[in-house]
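A quick write-up on the structure given underneath.
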Amino acid sequence: MEKKISEILHSIDNGEYKIPEFQRGFVWNSKQVKGFFNSLYLGYPSGSFLIWKTKDPSKIRGTMTDTNSVFHQLILDGQQRLTTIYTIFRGETPDWYEGVSLRTDLYFNLESEEFEYFMQKKMSNNPEWINVSDFLSKGGVSTFINHIQTLDDDAKNYYLSKIVTLNKLGAIQDYGYYIKEITISELDKVVEIFNLVNKTGTTLNESDLALAIITSNWPEAKDKFREASEEFSKYNYDFSFRNYTRLINIFTTERGLYSDEIGKVTPEKFEEEWKEIKKILSYLMNILRDKAFIDSSDSFGSLYVYYVLGYYLKKNGGQFKSEEEANKAIYWMYTALLWGRFSGSSESFLEKDMNAIKKHNTIDALIEEMHLFRGTNLYLRPEDLTMQGVRSRIYNLFYSSVRAQNAKDWTNPVMSLYSKSVGYNNKLERHHIFPKAFLYKKYNSSSSIHKAMVNEISNIAFITQKSNIKILDGDPSEYLPSIDPEQLRKQFVPTDASLYTLDNYELFLERRRKKLTDGINKFLKSFYEDFSKDVKNQDLQHYDEEIEKIEILLRNIISDRLELASELDAYQELVPDHIKVKVNGRIKNWLGKNPGEDKNQFHDLRRRMDFLDMQEYKDVIVSKPAYPSFQEIFGSKGTLEVRFNQIAELRNSIRHSRDVTDATIKDGEAAILWFTSIVRPYMKKVELLDDNE
């Protein structure tokens, strides 16, 4: 059966089409909406719709309307497109709508025939741009012609000259869709079909698929999740459906990974474990607020620590056995967050931690897993802070450590530093101790190295907005001596006034790093004194994954910079001869093993970069003709060579299965952090951070 968009809209208005609750919400971004409408305008194929006709529907999202029909029609495939169509044509979202924000200010250019979202400077008072939703929702061309009669002659004549384009835009309502209907009665089969057809398009992740299965067996799931989210948000904890799905999977199947077992859980079991989850989440929130100075879920770089602690509490009656055990749990949580336990292969480390709980049922076992993950020392070193900014994993621990000192505002010492303080002027802000404008008198704002130095955590303090406005870009040698020295000490700021000059900024950073690490380590030790253990790090794969991401970014940076610096051929002009010989040989061998590959791909410099190793990246960068193109990014040659050597040593030790010393790990980790801070502006090309729950 085929229906025009206008007919489909009429069916939605009449309540004929609905969304089953097991469907995820709206997830399309603005780029996808624009691309979709461009396809409709050009008449390109954009798929079909799959409708489930059933007499006995599962729980639906939105309002159930009496259509005087024996069958209910639920959308299995096409929700993103139908939601977009309805919202743009009707100027409002359908009643099943749930998910990311869907804008209605989509505009169409009558000259270029492109779709864009509203930009005031570009589109205001510009007759070339018309609001698509206004145009379509008010009746298309016929209504628009009536409207232009009220305009001045120039505008009227312009729009009349574009009548063909306007007719083409209005004809979107006649775009036809093939609608496939199925009448399967078993809900599990329907969910299976839903999962299969939705593995294309905007990809469903395992959490989406698991939630669909959970909802098919326990239709009240999403309602329960929404109620919990509304309650927890009052206390500054924002848990998503994905978080709840993972927790319900852990509690019902006792697995961190999603598996077929979730489909065998009964509604009664889901209900029972959900009640336990809510109790444990509330308990943990109170413990962490009162003992760990954690104000909200924003303080977690990854909520996987919540999953592990939640599972531990499930196995132990819903609470810690003692205050000592609670403190150990907080220590484990902070070290897991600090050292990125769940920043890479999150699910695999979740499984390992759950297995440790199953086997030993102690927090000590989790701490032992952290030592296996990172090695002997779980505390910070001053060099770990070098060029680490507010996006670093250290940042939230830094804030909690300051809170634990009962630090006060710098210009209003009565006011405690709390991220959830009431009142606009009392809002907590990050303050550059040496203001950025002040530092850029000496440092180059276009240099990645200098920007990282200026924005390093060691140059950050917490003060209220009122204080930040008062200090503004003040000279630290003038304003810092007026601050109560006790309040400076509570934020680990050196009180030696000789350090407050522009010339001594780097010495100030060095001293602050030491004070910060001492303060943060003291905070960690207040929960648990973790004496050094002779434990050999065994979980090295996560380091290899981080290095691989850095390598990809380095290839992008090197190829981009060399192309800009060259006259004709960047490879021939700027890559050292000894490296070209090696690379050419490797490419020749690779083509010999892959005879079907096109050798012309290697005319591209970026493709050739895939055949360089870590030391060769360094040799290219520091070579005499090329280095001027990289100096603003990497700074000193000496520092760059040390960091390359450190990261290469760790990488080679892992990949060649050599024994890895604790020193190699720590140096390699410091190099990873250094490179990550340097290449951060290039992260648009490669996502360095996983999408953790």
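Readers should treat all values here as calculations from the given coordinates under stated rules, not as data from a laboratory. Quantities reported herein were computed from a predicted structural model and do not represent experimental measurements. All Cβ positions, glycine included, derive from the backbone under ideal geometry; neighbour counts span all protein chains shown.
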* Asked: What is the stretch 387-525 by shape, rounded, prolate or oblate, if you read a ≥ b ≥ c off the alpha carbon gyration tensor as root eigenvalues and call it rounded for a/c under 1.5, prolate for a/b larger than b/c, and oblate otherwise?
  -> rounded
* Within the stretch 447-536, list the GluC sites (Glu not before Pro) lying in a DSSP loop whose Cβ has at most 12 other Cβ atoms in a 10 Å radius. => 529
* Asked: What percentages, rounded to whole numbers, describe P(r) for the stretch 457-567 computed over all alpha carbon pairs with 5 Å bin width beginning at zero?
  -> 2, 9, 12, 13, 11, 10, 11, 12, 12, 6, 1, 0, 0
* Taking only DSSP H segments of four or more residues, each worth -39500 (n - 2.57), what value at 222 nm results for the chain once the sum is divided by all its residues, to the nearest 500 deg cm²/dmol? -> -16000 deg cm²/dmol
* **Calculated FRET efficiency for the pair residue 42/residue 391, C-beta based, R₀ 56 Å, to 0.05** => 0.85
* Using unit Cβ charges (K, R positive; D, E negative) and no other charged atoms, how large, in debye to the nearest 20, is the dipole of the stretch 205-374 about its Cα centre? -> 220
* Find how much the distance from residue 296 to residue 604 grows on full extension, using 0.36 nm per residue of separation minus their present alpha carbon separation; answer in nm with one decimal. => 106.1 nm
* Please report, in debye to the nearest 20, how large the charge dipole of the chain is about its Cα centre when each Lys and Arg carries +1 at its beta carbon and each Asp and Glu carries -1 there. => 900
* Structure fact -> Of the residues 46, 109, 477, the Cα lying farthest along the dipole of the chain towards its positive end, which is defined by charges on the beta carbon of Lys, Arg, Asp and Glu, belongs to 477
* **D (Stokes-Einstein, µm²/s), Kirkwood Cα radius, the stretch 596-651, 1.567 mPa s at 4 °C** => 101
* Taking every DSSP beta bridge that has both residues in the chain, what percent is antiparallel when rounded to the nearest 5? -> 75
* Structure fact -> the stretch 205-374: Kirkwood hydrodynamic radius (Cα pairs, Å) comes out at 16.2
* To do: Kindly flag which residue pairs out of 224/358; 291/441; 269/352; 122/441; 53/269; 314/525 have an alpha-carbon separation exceeding 31 Å in this structure.
  => 291/441; 122/441
* Asked: With the dipole of the chain worked out from charges on the C-beta (+1 for Lys and Arg, -1 for Asp and Glu) around the Cα centre, which of 499, 333, 629 lies farthest toward the positive end?
  -> 499
* Structure fact -> Rh_Kirkwood(the stretch 541-682) over Cα pairs, Å, one decimal, evaluates to 16.0
* Structure fact -> When all Cα-Cα pair distances of the stretch 2-182 are considered, the percent exceeding 30 Å is 24
* Asked: Which of the lysines could be linked to residue 582 by a straight reach, that is with a Cα gap under 19 Å, when you skip same-chain ones fewer than 8 residues away?
  -> 593, 599, 618
* Radius of gyration, Dmax [the chain; alpha carbons; angstrom] -> 29.7, 86
* **FRET efficiency, 1/(1 + (r/R0)^6) with R0 41 Å, evaluated for residue 663 and residue 482 via beta carbons** => 0.40
* Given a cut-off of 20 Å, what percent of all Cα-Cα pairs of the stretch 83-175 lie beyond it? -> 38
* Tell me, what does the Kirkwood hydrodynamic radius of the stretch 396-477 come to in angstroms if you use every pair of distinct C-alpha atoms? -> 13.6
* **Isotropically averaged projected area of the stretch 305-382, using the convex hull of Cα atoms (one quarter of hull area), nm²** => 5.2
* Please work out the Cα convex hull volume for the stretch 74-122 and give it in Å³ per residue. => 99
* Structure fact -> Computed from the beta carbon distance with a Förster radius of 51 Å, FRET efficiency for residue 226 and residue 586 to the nearest 0.05 stands at 0.40
* In the structure displayed, which of 278/408; 408/522; 234/315; 328/408 lie more than 23 Å apart, Cα to Cα? -> 278/408; 234/315; 328/408
* Sparsely packed trypsin sites (Lys or Arg not before Pro) within the stretch 557-665, loop by DSSP, other Cβ within 10 Å at most 11 -> 658
* Computed lengthening from residue 101 to residue 283, 0.36 nm per intervening residue step minus Cα-Cα distance -> 62.3 nm
* Asked: the stretch 458-503: D in µm²/s via Stokes-Einstein (Kirkwood Rh, Cα pairs, 25 °C, 0.890 mPa s)?
  -> 218
* Structure fact -> Note: residue 240 to residue 122 extended length (0.36 nm per residue) minus current alpha-carbon separation gives 38.9 nm
* To do: Within the stretch 539-587, list the GluC sites (Glu not before Pro) lying in a DSSP loop whose Cβ has at most 14 other Cβ atoms in a 10 Å radius.
  => 567
* Relative to the Cα centre, what is the charge dipole magnitude of the stretch 2-182, using +1 at the beta carbon of each Lys and Arg, -1 at the beta carbon of each Asp and Glu, and rounding to the nearest 20 debye? -> 440
* Structure fact -> Taking only the alpha-carbon positions of the stretch 288-340 as identical scatterers, the Debye log10 I(q)/I(0) at q = 0.17, 0.32 Å⁻¹ comes out as -0.52, -1.42
* To do: At 7 Å along the Cα-to-beta-carbon direction for both residue 90 and residue 355, put a label point, then send me their distance in nm to one decimal.
  => 5.1
